[in-house]
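Can you read through this structure? Questions will come right after.
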Amino acid sequence: MTINVLAICGSLRAKSTNRGLIRFAQANAPDGMKIHLADLLDMPFYNADLAEKPVAVEQLLKQLAAADALLLGCPEYNYSLAPALKNALDWASREADNHLLSGKPVAIMGAGGGMGTSRAQYHLRQVCVYLNLQPLNQPEVFANAFSGSFDTDGNLTDERIQALIIKQLAALQKWTQQLRK
Ligand SMILES: Cc1cc2nc3c(=O)[nH]c(=O)nc-3n(C[C@H](O)[C@H](O)[C@H](O)COP(=O)(O)O)c2cc1C
């Protein structure tokens, strides 16, 4: 059975390197895995006063309902995860019994400064605990966005990181199958 993965990227920038990681993953997903990208551009901040859910939020919730696993592109902003990614998780977490997130397998990858977004990724892992998301431990994907690993459009060109992503997707496939049992 095909594993349907929803990728959520914390950077909204057109030439985002984090999106570049996800793009590479989409193009190199193993047989039996499809990766779709959520569109966060029009997503407002979570606000409990909104009587009706905005269209962009409804769309995200629909995609999450159809997803067997998540792939989170995690930029590091001021030593933590980017607000666009946190906001998407916050919206999703307000659904009944957190059913859209609870128990779902997750792979995390990120591109940033010298520490490869590791600090942000560990904050994100803390958020996963509360949401009962099931993050894959290894391999971790920490990319440097400023050392020639990407072209000027944000496409990943670094062969070491490319190989790491291919390994991570294979591990996510196995992890998703394991959690289904
Ligand atoms: C508000 C802000 C805060 C940032 N803080 C950090 C940081 O703490 N650590 C880091 O490695 N990079 C930091 N950066 C740089 C980002 O890693 C860099 O902009 C990265 O390319 C963002 O990902 P993108 O290419 O997907 O947009 C920060 C960038 C912004 C805009």
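The values are calculated or read from the model by the stated rules, or taken from the named source; none is laboratory data. Fair warning: this is a prediction, and the values are worked out from it, not measured in the lab. Every residue, glycine among them, receives a Cβ derived from its backbone with ideal geometry; neighbour counts consider all protein chains shown.
Among the residues of region 124-181, write down those that are under 18 Å from Lys34 (Cα atoms) and among the hydroxyl-bearing types (Ser, Thr, Tyr).
Hit for region 124-181 is Thr176, nothing else.
Is it the case, given these coordinates, that Gln121 is more than 14 Å from the chain's Cα centre (by Cα), at pLDDT 95 or above and within 16 Å of Pro83 (Cα to Cα)? Write out each step before concluding.
Details: more than 14 Å from the chain's Cα centre (by Cα): no; at pLDDT 95 or above: yes; within 16 Å of Pro83 (Cα to Cα): yes.
So Gln121 fails the test.
So Ala163 passes all but one of these: (1) farther than 19 Å from Ile8 by Cβ; (2) more than 16 Å from the ligand (Cβ to nearest atom); (3) among the hydrophobic types (A, V, I, L, M, F, W, C); (4) buried (at least 20 other Cβ atoms within 10 Å of the Cβ). Which condition number does it fail?
(4)
Provide a single number: the residues in region 102-153 that are more than 15 Å from the ligand (Cβ to nearest atom), buried (at least 22 other Cβ atoms within 10 Å of the Cβ) and under 19 Å from Arg23 (Cα atoms).
The number of residues fulfilling the criteria is 2.
Out of (1) assigned to a helix (DSSP H, G or I); (2) within 25 Å of Met115 (Cβ to Cβ); (3) within 16 Å of the ligand (Cβ to nearest atom), what's the single condition that is false for Gln26?
Going through (1) assigned to a helix (DSSP H, G or I); (2) within 25 Å of Met115 (Cβ to Cβ); (3) within 16 Å of the ligand (Cβ to nearest atom) one by one, Gln26 breaks only (2).
Of everything in region 8-18 that's more than 6 Å from the ligand (Cβ to nearest atom) and buried (at least 24 other Cβ atoms within 10 Å of the Cβ), which residue is nearest to Leu71 (Cα to Cα)?
Of all residues in region 8-18, those more than 6 Å from the ligand (Cβ to nearest atom) come to 8-10, 12, 14-15.
Filter once more, keeping what is buried (at least 24 other Cβ atoms within 10 Å of the Cβ): 8-10.
Numbers: Ile8: 6, Cys9: 8, Gly10: 11 Å.
Within region 8-18, the match that is nearest to Leu71 (Cα to Cα) is Ile8.
Let me confirm something: among Met33, Met43, Met1, which residue is modelled with pLDDT under 95, away from the ligand (no atom under 13 Å from the Cβ) and more than 13 Å from the chain's Cα centre (by Cα)? Before the answer, list the steps.
Values: Met33 fails: modelled with pLDDT under 95; Met43 fails: modelled with pLDDT under 95.
That would be Met1, the only listed residue that is modelled with pLDDT under 95, away from the ligand (no atom under 13 Å from the Cβ) and more than 13 Å from the chain's Cα centre (by Cα).
A further question follows. What about Arg94, is it within 16 Å of the ligand (Cβ to nearest atom) and of a type outside the set (Gly, Ala, Ser)?
Working: within 16 Å of the ligand (Cβ to nearest atom): no; of a type outside the set (Gly, Ala, Ser): yes.
Against the criterion (within 16 Å of the ligand (Cβ to nearest atom) and of a type outside the set (Gly, Ala, Ser)), Arg94 does not qualify.
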